[in-house]
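**Student:** Here it is, the structure, as structure tokens.
The values are calculated or read from the model by the stated rules, or taken from the named source; none is laboratory data. Computed from a predicted structure; not experimentally measured. Cβ placement follows ideal geometry from the backbone for every residue including glycine, while neighbour counts extend to all protein chains displayed.
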Amino acid sequence: MKIVVCVKQVPDTETRIRIADGKVVESDVNWIVSPFDEFALEEALKIKEAKGGEVVLLSLGPDRVVPALRNGLAMGADSAVHLKDAKFDEADTLGIAQALAAAVKALAPDLVLAGQQGVGGDNSQIPGLLAELLDWPQVTVAVKVDVQDGKAVVEREIEGAHETWETTLPAVISAQKGLNEPRYASLKGIMAAKKKMIETKDAAALGLTAETLAPKTRVTAMELPAARGAVKMIEGDPETQSRELLRLLHEEAKVI
């Protein structure tokens, strides 16, 4: 079984974001693999260990994504494909999905796993767009995956409950928190990763043109959230506090 895992680099949640000229200043950012993609990779490795086969990492971005791919290879993936081209720099989610879909078609896997969202943009669009472009079935927010002969049984999380779906393969499945606990790369894995192949493909190699990748959406502005005001403490006993709170909500906050 061949499994492709889509991997995205995102800003570390502890990074202090700075914006200039309507863009995030990337030189200030500490980049990590999106945690949801780590769940997807761990699941792929578990399936490989149980069923055999190979795991191929797939990532789109500049040179800074290479360490993320190396880390995935150190965890146990067999090879990686790096999609790199200046034409990808301004692509929106549809353009990114088109590039990923073209690469997936060339790899011809039995299964594509991805995080349910990248914690950078939090668009949650790539798995659905990828499945649509490939014309494959998809199951989202998976918290349990059981791959069988030619099919997968997937438990997914919904509001207040879980539900179980069965899908034929090939398919696209997106990972939710709770699917597994990602492993750490071992020293042996880190050393082995240095010898594993990372293939680089540009837009031309994928059969994509600048016109095809032209964004259908654009960011008109970007700004940090407004700073929070100071906390106001209300003194007194519970009855006094509740009366004062209602007064403040009515007269100052004007929310009631």
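**Student:** Could you look through region 10-43, keep only residues that are touching a residue at least 60 places away in the same chain (Cβ under 8 Å) and of a type in the set (G, A, S), and pick out the one that is farthest from V141 (Cα to Cα)?
**Tutor:** G22
**Student:** Please state which of the following conditions P225 fails to meet, knowing it meets all the rest: (1) more than 20 Å from the chain's Cα centre (by Cα); (2) at positive phi.
**Tutor:** (2)
**Student:** Find the residue count for region 105-128, including only residues that are buried (at least 20 other Cβ atoms within 10 Å of the Cβ), of a type outside the set (V, I, T) and not in a loop (DSSP other than H, G, I, E, B).
**Tutor:** Counting residues in region 105-128 that are buried (at least 20 other Cβ atoms within 10 Å of the Cβ), of a type outside the set (V, I, T) and not in a loop (DSSP other than H, G, I, E, B) gives 5.
**Student:** I'd like to know if region 93-115 contains one or more residues that are over 19 Å from A171 (Cα atoms), of a type in the set (D, E) and modelled with pLDDT of 90 or more.
**Tutor:** So far as region 93-115 goes, no, none of its residues is over 19 Å from A171 (Cα atoms), of a type in the set (D, E) and modelled with pLDDT of 90 or more.
**Student:** If I ask for residues that are outside any helix (DSSP H, G or I), farther than 20 Å from V10 by Cα and of a type in the set (D, E, K, R), which ones from region 42-92 would you list?
**Tutor:** E54, D78
**Student:** Please go through region 202-256 and give me each residue that is modelled with pLDDT of 90 or more, among the acidic types (D, E) and within 30 Å of A20 (Cα to Cα), ordered by number.
**Tutor:** Listed by number, the residues that qualify are D202, E211.
**Student:** So T167 ticks every box in (1) modelled with pLDDT of 90 or more; (2) within 23 Å of the chain's Cα centre (by Cα); (3) exposed (fewer than 14 other Cβ atoms within 10 Å of the Cβ) but one. Which box is left unticked?
**Tutor:** Going through (1) modelled with pLDDT of 90 or more; (2) within 23 Å of the chain's Cα centre (by Cα); (3) exposed (fewer than 14 other Cβ atoms within 10 Å of the Cβ) one by one, T167 breaks only (3).
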